[in-house]
Amino acid sequence: MKELHNVNVAMRTLARELLESGTVAGVYGWKKGSRPTLTSPLYIQDAAKADRLAYDQYAVSNLSALLLDHRNNDKKRAIFVKGCDSRGVVRLLQDQQITPEQVLVIGLPCPGMVDEAGSLLTKCAECRFPNPVMADQVLGGVEVSKQPSAPTGVTAEAARKVGVGSRAGERMAQVAQLEGKTAAEKEAYWAEQHDKCIRCYACRNVCPACNCRDCIFDTEKKGWVSKAATSSANAFFAITRAMHVAGRCVDCGECERVCPMDIPIMTVNRKLQQDIEALFGPYDAGVDETVVPPLGRYQTDDPEEFL
Amino acid sequence: MGEGQRELIPQSVTVTKIIDETPDVKTFYLALRDQGGRCSAPFHTLPGQLAMLSLPGVGEAMFSATDGGDHLQLSIKKVGRLTDELHEMAEGQQVGLRGPYGNGFPMTEMQGKNVLFIGGGIGLAPVRSVVRYCVDHRADYGKLHLVYGARTPADLIFLDDLTKHWPAVEDFTVSMTVDNGDDEWQGHVGFVPAYVEELRPEVANTVCVLCGPPIMIKFTLNVLRKLGFQPENIYTTLEMRMKCGIGKCGRCNIGHSYVCLDGPVYRLDQLHELPNEY
Amino acid sequence: MSALSPKSGSPADCAVTEGHVGLPVLDPPPTAAPDTGKTKNGEWQPYIVGFACNWCTYAGADLAGLSRMQYPPNMRLVRVPCSGRVNPQFVLRAFQKGADAVLVAGCHPGDCHYGTGNYFTRRRFLLMQRLLTFMGVDPRRFQARWISGSEAPKFRDVVTELTEQVRPLGPNRLWREVEP
Amino acid sequence: MKALAKKNLADALALLAGQATVWVPAKVAGVTRFAPWSPAVTLDLEATPPAVSPKEILLPETESLYRYSAYGMDVTFEAVEQEVPPTIIWGIHSCDVQAILCQDDVFLSREPQDAAYAKRRAATTLVALACTTPGPDCFCTSMGLEPAEHASTDVQLHILTDGYGVEARTARGEEIVARLAEKGLLVETIEPPAKAQACTRAVNPEGIDKKLVEMFEHPYWDELAATCLNCGACTFLCPTCHCFDLTDHRRNAHEGTKIRCWDACMFTEYTVMAGGHNPRPGKKERVRQRFMHKLRYFPERYGKWQCTGCGRCVARCPVHIEITDVIKEVGEVTLDG
């Protein structure tokens, strides 16, 4: 992508400088994958490898959850972020999984991510935060913004052209479509989806909001959680996961992307977002570190509709 | 080797006797009990072989078994959920058992040789099964020497064997040491590796059977090397997490070798061929 | 805790996972799980699990009992220190183990023994009830109520009302745990 | 060669389904996987390969082994006898046939055999379908396979213009072909079967099993593991990954079922021992184990690759850790001394 040529050069230069100067111990970014249409995560600790860094419209992976590998390590790591990724970093900071001293956030302009066939990802069409919500440095002229905004920086025009954020208003379409179904239809739909789950936990491991040190699904203690991949146990996992990230999900869509069984996980997350807004007022998780997530606070006059 | 029950379904066996060895080690006698109350061993084991003990609803774990003729003996240290539960059991309790698993010590190959046994802590459990075999077949083996160490005098297991039975056996030296003595302890104080070095055991025509915590094994191996032991004459046992016991569930492999099937007894030179991941 | 220890089956052993609450937990065959609720005169009875806060609702229930109030025997109460202690997995676990409905009950807002616990309960379960509904659960099967220590009549009414609401819905089989 | 016309496929499946469970690649909730055939099933014979391997037919994701009860002093164990109907896997590709051979090595080649697997395997007939248009992540030819046919199948189906060439390879296969012929579903044809197109991906694994012996401590694994999420997507989708867990499914304090379910070497808890020691404590050790197992340990133990080039892990790794890259990069790594 020609707009990003200079950004790529700047990324490599910056990464090299940061590693050479010892400012950071490692850098999270992307590299070109085995096909031109694949851009995959990369972690480098050696300045000599900085030239492998690459960033384009296929760099869909959100790398923020990988920072959890270093939460017990005082050294600083640099991470390149798109808008959605930056919210993952805020999630980790707000959850006190990492400290600001452990991370150097470098914001990038997002051209809108596309699939291998070249069409814009739905999550990008529905994106409200294409610009980093926080960054220690930026490249490509992108502007840091904690407000829903139009794409900025060198790829602003390209992003607009492919339609980044053009369907932001339709984010809840899939939720609304399911809500319109009867209880029996909903039950059947979700049973079919939960049945598919193979419990690989890719959704959990890629998620910056799933940052428990010991996940309940990794412990067999007390026979609480069955390892059996039955419909019942899978539903238990799905709902537990959903409730656990409720109000904390940063809307990056990675869980759904990585699901090998194509379970519409974001539909559940979006449903929770929608209800949280309706019940407790507007809230965007992972944007402002100082605003406590809605399930971690209360108001004395909260609605009591089912009590 | 007895018929046993090596498939995944355990048989119920009865805990016929429980011996308190130390505050956190107990020895359990397990047997099949018929209508008349007569006991028979659930299966027979070679020295060093393993048995999978199962507590319904709690879990399963692999332990080194000692063949007691009409029963099996499992000496178990409290280290986790399952073993905590085991320590709560009373005599007469039934549990699940399957086995025997693993290769066991090559008792035939060791015939005609002196045997140096080195054990640390609960590591004496597998060593004891070899010792008992050698004592039972006394004529087949040369001089026997056991060096055993535990953290404190209170942690010494199989005290009867150590102080009464084995010293009475012909040509059998028992050397004990503790890391930390107490007021009553008259014996040697110090770590096992240093004690082995101090004792200068015979090397010629001797095989060594070594079991204990990884750190002890590591330092003792250095000493044995210094004393002139060849890797072909040192046997040790390894521990890994196991589930199936028959080399299929995948988790106990070290390289291509499955500890539950090809181990737990490894000759040191064999072990050197495997990746260092245990 | 194992089956072997003498203490087994005590309420501390994760209340809803065990069959100690009085009704027999039947042996679920591999395909179709039976309904947990017991049958009285051949008529199906709902099985309801109630999580009651120690300081208000449990006291209210106690008072209802002491006052010899009549209410349906369909609810099994699990005492929790605070309604805020109830996490979504408790509710799911109850459904897995055969509950036809789940009630979470605690002190009235402002009266929490710990100050603010029930305010969090309110938010959490408002949201969860909507999520469960989204997944096809009838909202009547999962409810929350504020019942104070003195509100024995309210406790009686809630149990009665819930039982009568759930009865026409029939047994809940969604998420029922079956042997694999 | 005998041929089965496409229009007769449904009749053929219906005929066989009368006497056996016939697993066919089908679209189920948007995912292509093997499902027992019925007229209601949406066949998907085009997927190369189906997203989910037929592994689950012989090694179910979750199965009950025995029931236990413990009341007071008494403990009982009672086997859960699984009913195993005659089974046909229809439309399985060479990669997955090869994977079954790998599973046979694990579960059947050494005593004691795995009883449940053995029972299912003995009841299973493989009807392989030639794979002529490889998917974007296929590399079976690199792993020594022939996508158009596999020698160890009972029946081999070849692709013809308007049907399938049917070739029986075993007595069991003959039986199936005879049944189809008896009902007049087969015709004779002289049409040559379609040839397989070249695999999209190509790597050369030759010698890497030997090379990996020297690479246990190589820094390559650190680099590879750095972006791994340690999820189980690769292992669960893999047709040859066979690791499992035995765990209790407690019904109450006294009774329950011992179940076997898939487990993955990627999971933290997989090798943790009582007392907390973990021989594979980090991502590096776990990632290394996975690739070492496929490309070194398994060949050492059973004499064949434990990767059949199906490409599923390549396609679905969340962070694009691709075994093809690993094979290539291991081949390129320089070893010191």
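The values are calculated or read from the model by the stated rules, or taken from the named source; none is laboratory data. All figures in this text were calculated on a predicted structure; none of them were measured in a lab. Virtual Cβ from ideal backbone geometry, glycine too; neighbours counted across all protein chains shown. Remember, those area values only see protein heavy atoms, side chains included, never the ligands or the DNA or RNA. Shrake-Rupley method; radii C 1.70, N 1.55, O 1.52, S 1.80 Å.
Just a few scattered comments:
- So residue B:55, is it buried (at least 24 other Cβ atoms within 10 Å of the Cβ), more than 19 Å from residue B:237 (Cβ to Cβ) and in contact (Cβ under 8 Å) with a residue 40 or more places away in the chain: yes
- Matching option when the condition is touching a Phe, Trp or Tyr at 6+ places or on another chain (Cβ under 6 Å) and either open to solvent by less than 30 Å² (accessible area, probe 1.4 Å) or more than 14 Å from chain C (Cβ to nearest Cβ) (or both), among D:80, D:155: D:80
- Flag for residue B:81 being more than 23 Å from residue D:251 (Cα to Cα), at pLDDT below 95 and open to solvent by 30 Å² or more (accessible area, probe 1.4 Å): no
- Here residue D:197 fits the description: away from every other protein chain (no Cβ under 13 Å) and under 30 Å from residue A:259 (Cα atoms).
- Residues of segment A:282-307 satisfying the condition of being open to solvent by 20 Å² or more (accessible area, probe 1.4 Å) and away from chain C (no Cβ under 11 Å): A:282, A:283, A:284, A:288, A:289, A:290, A:291, A:292
- Failed item in (1) under 30 Å from residue A:244 (Cα atoms); (2) in contact with a helix residue (DSSP H, G or I) (Cβ under 9 Å, 6 or more places away or on another chain); (3) open to solvent by 20 Å² or more (accessible area, probe 1.4 Å), with residue C:55 passing the rest: (2)
- Cross-chain or 6+ apart pairs with Cβ under 6 Å, segment C:138-159 first and in contact (Cβ under 8 Å) with a residue 24 or more places away in the chain and over 14 Å from residue C:107 (Cα atoms), then among the hydrophobic types (A, V, I, L, M, F, W, C) and in a strand (DSSP E or B): C:141/C:101; C:142/C:102; C:143/C:103; C:159/C:75
- All positions within segment B:58-76 that are over 24 Å from residue D:250 (Cα atoms) and out of contact with any helix residue (DSSP H, G or I) (no Cβ under 9 Å at 6 or more places or on another chain): B:69, B:70, B:71, B:72
- Test: residue in segment B:257-275 that is touching a Gly at 6+ places or on another chain (Cβ under 8 Å), surrounded by 24 or more Cβ atoms within 10 Å (Cβ to Cβ) and among the polar types (S, T, N, Q): no
- Residue within segment B:123-130 that is open to solvent by less than 30 Å² (accessible area, probe 1.4 Å) and among the basic types (Lys, Arg) present: yes
- Within segment D:36-76, being within 13 Å of chain C (Cβ to nearest Cβ), touching a Ser or Thr at 6+ places or on another chain (Cβ under 7 Å), touching a residue at least 60 places away in the same chain (Cβ under 8 Å) and open to solvent by 30 Å² or more (accessible area, probe 1.4 Å) holds for one residue alone: D:67.
- Verdict on residue D:288 being among the basic types (Lys, Arg), buried (at least 23 other Cβ atoms within 10 Å of the Cβ) and assigned by the TED database to the domain that holds residue D:220: yes
- Residue ranges of helices (runs of 4 or more DSSP H) in segment C:62-176 with at least 3 members away from chain A (no Cβ under 12 Å) and open to solvent by 10 Å² or more (accessible area, probe 1.4 Å): C:152-166
- Counting only helices (runs of 4 or more DSSP H) that fall entirely inside segment D:148-236 and contain at least 2 residues that are free of Cβ contacts under 8 Å to residues at least 24 places away in the same chain, the qualifying elements are D:171-182.
- Scope segment D:264-285; condition open to solvent by 10 Å² or more (accessible area, probe 1.4 Å) and either closer than 22 Å to residue A:259 by Cβ or in contact with a Gly (Cβ under 7 Å, 6 or more places away or on another chain) (or both); matching residues: D:265, D:267, D:268, D:269, D:274, D:275, D:283
- Criterion violated by residue A:272 - all others in (1) surrounded by fewer than 18 Cβ atoms within 10 Å (Cβ to Cβ); (2) over 23 Å from residue A:132 (Cβ atoms) satisfied: (1)
- Enumeration of residues in segment D:108-144 that are open to solvent by 40 Å² or more (accessible area, probe 1.4 Å) and either more than 30 Å from residue D:82 (Cβ to Cβ) or touching a strand residue (DSSP E or B) at 6+ places or on another chain (Cβ under 6 Å) (or both): D:133, D:136, D:141, D:144
- Checked against (1) touching a residue at least 24 places away in the same chain (Cβ under 8 Å); (2) closer than 20 Å to residue B:100 by Cβ; (3) crowded, with 23+ Cβ neighbours inside 10 Å, residue B:224 passes all but condition (2).
- The single condition among (1) touching a helix residue (DSSP H, G or I) at 6+ places or on another chain (Cβ under 9 Å); (2) open to solvent by less than 10 Å² (accessible area, probe 1.4 Å); (3) not basic (Lys, Arg) that residue B:246 does not meet is (1).
- Any hit, segment A:263-273, residues being within 21 Å of the chain's Cα centre (by Cα), more than 7 Å from every other protein chain (Cβ to nearest Cβ) and not in a helix (DSSP H, G or I): yes
- Long-range neighbours under 6 Å by Cβ, at least six apart or interchain, first residue facing chain D (nearest Cβ under 9 Å) within segment A:222-241, second in a helix (DSSP H, G or I): A:226/A:233
- Meets criteria (at pLDDT below 95 and of a type outside the set (Asp, Glu)) for residue D:268: yes
- Counted residues, segment D:295-312 - those being hydrophobic (A, V, I, L, M, F, W, C) and either surrounded by fewer than 24 Cβ atoms within 10 Å (Cβ to Cβ) or farther than 28 Å from residue A:204 by Cα (or both): 3
- Residue ranges of helices (runs of 4 or more DSSP H) in segment A:106-182 with at least 1 members of a type in the set (Lys, Arg): A:122-125, A:156-162
- Single condition residue A:216 does not satisfy, out of (1) open to solvent by less than 20 Å² (accessible area, probe 1.4 Å); (2) in contact (Cβ under 8 Å) with a residue 12 or more places away in the chain; (3) within 8 Å of another protein chain (Cβ to nearest Cβ); (4) in contact with a Ser or Thr (Cβ under 8 Å, 6 or more places away or on another chain): (1)
- Matching residues in segment D:210-248 - criterion: being open to solvent by 20 Å² or more (accessible area, probe 1.4 Å) and in contact with a strand residue (DSSP E or B) (Cβ under 6 Å, 6 or more places away or on another chain): D:248
- Criterion: within 14 Å of chain B (Cβ to nearest Cβ), among the small types (Gly, Ala, Ser) and touching an Asp or Glu at 6+ places or on another chain (Cβ under 8 Å) - qualifying residue of D:276, D:303, D:256: D:256
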